[in-house]
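Nothing in this text is a laboratory measurement; each read-out follows from the coordinates by a stated rule. Note that this is a predicted model, so its numbers are computed, not measured. Please note: Cβ atoms are built from the backbone with ideal geometry, for glycine as well, and neighbour counts cover all protein chains shown.
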Amino acid sequence: MFLRDEDSETRRVEKLSRISDVLVDRIDRLEESRGSAWSMFQAAVALEREVQVRTRELEQAMADLSERNRELAVARALAEEANRSKTRFLRAASHDLLQPLSAAKLFLSALQDTQMDDLQAELAQRLSGAFESVEELMHAVLDISRLDSQRIEFQRKPVDLGELFRRLAAEYTPMAEAKGLALRFAPTSAVVESDPTFLRRIAQNLVSNAIKYTDAGGVLVGVRKRGGRAWLEIMDTGIGIAAPDRARIFDEFHRISREGGAPGMGLGLSIVRRACAKLGHPIAMDSEPGRGTVFRVSLPLVGSESQSHGAVAAPDGPSLRGRVALVVENDHAMRRAYQLILRDRLGMVARVSGGTSEALAMMGDEPPDVVIADYNLDHTDTGLDAIRALRSAAGQAIPAIIVSARRDPEMVRASVAMGVPVLEKPVRPEDLQVVLQRMLA
């Protein structure tokens with residue numbers, strides 16, 4: 001009996017021990033689980049704090065970025081306004097800058113038509129070259145200013161390349177002959193679409209550059225048609241362009257260095273690049289040092305071709321002798337210069353006036369053969385106002401020319417609408433003669 005009770009008690013103790021062990025094990029697992037949960041809770045709290053710190057840092061960075069963006073926007077606005085102000089200043093100042101230069105060139109041209117000894121002729125020639133350099137630089141600065149303006153307006157229209165070649169031949173043949181070079185223009189009837197003023201400027205810079213960097217041989221200007229495009233090509237037998245210079249020749253003030261280098265500021269090709277990019281005219285170049293260079297400008301052809309054929313030469317035109325020109329110019333020096341050129345070189349009768357009212361009084365009942373008017377007159381008076389008033393008083397569309405240093409699209413459009421060509425200052429006597437001959441033919 002006692003043994004049974006002892007066995008029973010032993011089994012109960014063993015059972016309780018097992019239960020205790022199980023409970024202890026469960027408690028240990030619960031403690032471990034609770035410790036893990038606590039660790040996770042602590043990690044979550046730490047992560048939340050880190051997120052809050054990073055959020056505050058991100059918000060501060062965004063605030064700093066917004067402030068920088070505002071500063072950049074203000075700086076950009078100031079830069080754009082400064083650029084617009086520069087463009088407005090140059091546009092407004094161009095008339096005053098080019099007015100005395102134009103008068104000086106006309107006086108010099110009149111002087112060269114007189115009898116001079118050898119020393120005087122040499123001085124006059126050197127003065128002419130100096131004026132050409134100043135004119136080239138001023139036009140380059142004004143062209144770059146216009147091309148850098150975001151508000152530039154191009155006047156795209158059909159351009160007769162044969163006619164352009166004739167003007168270039170008259171302009172640059174003396175320059176080539178002075179260096180003993182042959183300047184030839186291949187006859188063409190191609191008509192392309194471009195801005196006439198800037199296409200002429202592109203061609204002028206390329207032809208002038210070719211002559212400057214050619215010491216022997218010559219320069220050939222021509223057109224190759226490929227598909228619906230015409231490639232204007234300017235080929236020379238000059239010094240060529242080395243490979244390291246080919247990527248830099250279109251930069252401002254970059255010139256190919258050589259002994260006795262060509263005069264200039266290194267702006268011509270920069271203007272060519274800017275104008276071609278703005279007009280969408282691709283430009284290409286091939287060159288071999290010591291053998292010459294060819295520049296190519298791709299231009300869109302238009303449907304019809306011009307009727308001009310044969311060799312390119314400056315047109316003689318009809319005689320201007322005895323024809324009456326009424327000049328409307330508010331600058332005294334320019335009025336005197338016009339008198340000398342029109343009277344002594346072209347044999348015309350020159351009547352000069354300072355504004356619209358004076359021109360009307362001078363015209364009286366006998367209209368002139370042609371009116372030559374500066375655009376910028378005194379106060380609010382303009383050359384177009386003068387032409388309009390003179391035509392109205394005469395009861396007929398008197399042929400007229402506007403002379404201006406302004407490159408204002410609105411002025412050009414208004415002139416075209418009135419059928420009045422525009423001559424840029426400084427006025428070259430040869431250009432004035434050609435325009436007058438065509439108008440009075």
If I model a spin label as a point 7 Å beyond the Cα along the Cα-Cβ vector, how far apart are those points for Ala178 and Glu366 in nm? 4.1 nm
Sequence-distant residues sharing a close amide H with Arg229 (under 5 Å, placed H): Leu301
Return the long-range amide H neighbours of Gly355 (sequence gap of 5 or more, or a different chain), with a cut-off of under 5 Å between placed amide H atoms. Glu329
How many nm is it between the label spots at Arg438 and Ser392, if each spot is 7 Å from the Cα in line with the beta carbon? 2.9 nm
Students often get this wrong: which residues of the stretch 338-368 have the backbone nitrogen under 14 Å from the point 7 angstrom along Cα-to-C-beta of Val324? 348-353, 359-368
Violating pairs (Cα-Cα greater than 30 angstrom) within the set Lys179/Lys425; Lys105/Lys225; Lys225/Lys425; Lys105/Lys179: Lys105/Lys225; Lys225/Lys425
Highest average packing first - 354-366, 271-283, 205-217, Cβ atoms within 10 Å: 205-217, 271-283, 354-366
Residue by residue through the stretch 200-208, which ³J(HN,Hα) values in whole Hz follow from phi under the Karplus form 6.51 cos²θ - 1.76 cosθ + 1.60 (θ = phi - 60°), with glycine and proline marked x? 5, 5, 4, 5, 4, 5, 5, 5, 4
Between Glu59 and Glu163, what FRET efficiency comes out of the Förster formula 1/(1 + (r/R0)^6) with R0 = 45 Å and r the beta carbon distance, rounded to 0.05? 0.10
Amide H of Gly218 versus every other amide H placed in the peptide plane: which residues, excluding those fewer than 5 positions away on the same chain, fall under 5 Å? Ala182, Thr237
For the stretch 324-439, what proportion of DSSP beta bridges, expressed in % and rounded to the nearest 5, is antiparallel? 5 percent
Separation between the Arg68 and Glu288 pseudo-spin-labels, each 7 Å from Cα along Cα→Cβ, expressed in nm? 5.3 nm
